[in-house]
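Please read through the structure below; I'll follow up with questions.
Every read-out reported here was derived from the displayed coordinates using simple, explicitly stated rules and does not represent laboratory data. None of these values were measured; they are calculated from a predicted model. We place every Cβ from the backbone using ideal geometry, glycine too, and count neighbours over all the protein chains shown.
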Amino acid sequence: MPQSHEPLADQPVDVTLSPPELLGKGFRLYERYRFTLPGDDPKQDARTHDVIRFGSIVAVLPVDIDRGEVVLIRQFRFPAHLANGKGDLVEIVAGHVEAGEQALEAARRECVEEIGVAPRALKELFTYLPTPGASDEEITLFLGIVDSTQVPEQAGAAAEREETRPIRVSIDAAVAALAAGAMRNGLLVMALQWLALNRGKLRELAGG
């Protein structure tokens, strides 16, 4: 096969889509779609795909540049418990973008809720799809500049029965734990990999 010269980028597709069929409604919607793609045989039935509708999510990697620290959280995740018996996960700040809310606003709100401190600066890093075969979840990751000395021992949104335990650790310790494979939360792994690659230009990214 010859090397492709197409633009290396995600592209739209002209999809013929049916209205969704609601399969379940809980924390998120679970829907079934029927669709056809260009080139599909019209004599065949439409394709079927079930989707969990998560929508837009923000995540924040809170870093104290002056102290060389990163603020992580511990939170119990029941699906992780089912997966491997280790449900007390180490994570970064993350949450859903509410209706009428901008991603930057959501990132600031989630920091206050989950680590008890508002970042003095937020820098958007990148957006990605963690499970595009199963969900429409799209996550935007921010770098948050914080004063880690102001982080309380306990945080979380009481109305959501959310209990988060903030953790102050050195960037060195966080990257070492990443290298040892001690943490499996995908958001955390990706954020710390970015941090390991870009640690030398944090001040520049934060605007001085």
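For q = 0.20, 0.24, 0.25 Å⁻¹, what log10 I(q)/I(0) does segment 1-46 give under the Debye formula with an equal point scatterer on each alpha carbon and no solvent?
-0.84, -0.92, -0.94
Hand me the chymotrypsin sites (Phe, Trp or Tyr not before Pro) from segment 1-76 located in a DSSP loop with no more than 12 other Cβ atoms within 10 Å, in residue order please.
In loop regions of segment 1-76 (DSSP not H, G, I, E or B), the sparsely surrounded chymotrypsin sites (Phe, Trp or Tyr not before Pro) are F27.
By its C-alpha gyration tensor, with a ≥ b ≥ c as the square roots of the eigenvalues, how is segment 45-133 shaped: rounded for a/c under 1.5, else prolate for a/b larger than b/c, else oblate?
Oblate, since a/c reaches 1.5 and b/c is not below a/b.
Quick one: order S4, S56, S148, S18 by neighbouring beta-carbon count within 10 Å, fewest to most.
So the ranking, lowest neighbour count to highest, is S4, S18, S56, S148.
Treating only the Cβ of Lys, Arg, Asp and Glu as charged (+1, +1, -1, -1), what charge dipole size does segment 56-200 show about its Cα centre? Round to the nearest 20 debye.
I would put it at about 460 debye.
Rounded, prolate or oblate, given the Cα gyration tensor of segment 85-208, with a/c below 1.5 counting as rounded?
rounded
How big, on average over all directions, is the shadow cast by the Cα convex hull of the chain, in nm²?
Taking a quarter of the hull surface, the average projection is 16.0 nm².
In percent, what relative contact order does segment 58-208 have, based on Cα pairs under 8 Å that are 6 or more apart in sequence?
28
Tell me which residues come under 5 Å, amide H to amide H, from V60 once H is placed; ignore anything under 5 positions away on its chain.
Placed amide hydrogens put V93, A94, F142 under 5 Å from V60.
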